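All remarks here apply to the structure that follows.
Quick note: the coordinates plus some simple rules give every number you see, no bench work behind them. All values reported here derive from a predicted model rather than from experimental measurement. Every residue, glycine as well, gets a Cβ built from its backbone with ideal geometry; the counts of neighbours run over all protein chains shown.
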Amino acid sequence: MKRHLQFTADGSHTIQIDELNVTYHSKHGAIQESQHVFIDAGIRYLHEAKQLNEYHILEMGFGTGLNTLLTAIFSDQLDLRINYHSIEAFPLTTNEVSSLNYGNLLQQESIFSLLHTANWNIATTVHQKLELYKHLCKLDAFVTEEKFNLIYYDAFAPTAQPELWTVEVFEKLYHLLKPEGILVTYCSKGVVRRAMEAAGFRVTKLQGPPGKREMVRAFRDH
């Protein structure tokens, strides 16, 4: 698949895949979207509710590493320990990573570089209290004994990868969460919400990031 760089409305980059007609992040602002969906509605919301010292996070779609970088920044601000697992089947090339401007815009060049140079399929401490484990595989091949407080679900849209938005997928994710764990995603399509509910989640709609009306926060209550 051919990928090329694009600027978004907040000045940060995204990557376009023409064959799938998708981008890795919103054209209305890559950093704004990730901050809103995964940090503010995800880890910040969870920490305000739980006040734990350590969180276990699973991310579906390592991609550009932006969500991981923002999580590292958040963990540093609040002095939280983060055990972070991320799944990616098609990593960016070294040249693609070096072209992204997140490290520069967020003044975290060294951390951003470490996220991408960390070895696959092995735990690596990349930033003070953040331990990163990047899994080079597809979601259906992902196996772990870990249970997570929080899932960032950042797969490509259902129009591009419908197989990643099924009841079966959300059943797997439901059982990867600890009781009272949550899943956050930018996608709020009715078919996706119904699949989550069929898998056992309690689904809530929230205001979306710039350019998007709604997003979803889903709960495993038991």
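Data table
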| quantity | calculated |
| --- | --- |
| Separation of alpha-carbon centers, region 50-104 and region 109-162, rounded to whole Å | 7 Å |
| Surface/4 estimate of mean projected area, convex hull on alpha-carbon atoms of region 36-113, nm² | 5.3 nm² |
| GluC sites (Glu not before Pro) within region 11-77: DSSP coil, no more than 13 neighbouring Cβ in 10 Å | GLU19 |
| Projected label distance in nm at GLU54 and HIS222, using a 7 Å step from Cα toward the beta-carbon | 2.8 nm |
| Assigned charges on the beta-carbon of Lys, Arg, Asp, Glu; the chain dipole about Cα centre (debye) | 440 debye |
| In sequence order, calculated HN-Hα J values of region 7-15 (Karplus, 6.51, -1.76, 1.60; Hz; x Gly/Pro) | 7, 10, 5, 8, x, 8, 7, 9, 10 |
| Burial ordering of ILE122, ILE31, fewest other beta-carbon atoms within 10 Å first | ILE122, ILE31 |
| Sites SER113 and PHE7 - FRET efficiency at Förster radius 22 Å, r taken between beta-carbons, to 0.05 | 0.55 |
| Sorted by Cβ density within 10 Å, fewest first, the residues GLU131, GLU214 | GLU214, GLU131 |
| Label-point separation, GLU146 to ALA89 (7 Å along Cα→Cβ), nm | 2.0 nm |
| Derived scalar couplings ³J(HN,Hα) [region 73-83; Karplus, 6.51 cos²θ - 1.76 cosθ + 1.60; whole Hz; x for Gly, Pro] | 5, 5, 5, 5, 4, 9, 6, 10, 8, 10, 9 |
| GLU214 paired with LYS138, simple spin-label distance in nm, labels 7 Å along Cα-to-beta-carbon | 3.0 nm |
| Distant-in-sequence amide H partners of GLN161 (H built 1.01 Å from N, under 5 Å) | none |
| Whole-Hz ³J(HN,Hα) from phi, Karplus 6.51 cos²θ - 1.76 cosθ + 1.60, for region 143-150, glycine and proline x | 10, 7, 8, 5, 10, 10, 7, 8 |
| Residues whose placed amide H lies under 5 Å from that of GLY181, excluding near-sequence neighbours | ARG220 |
| Neighbour-count ranking [beta-carbon atoms within 10 angstrom, fewest first] of ARG194, ARG3, ARG220 | ARG194, ARG3, ARG220 |
| Amide H contacts of ALA9 (H built 1.01 Å from N, under 5 Å, at least 5 apart or other chain) | HIS28, GLY29, ALA30 |
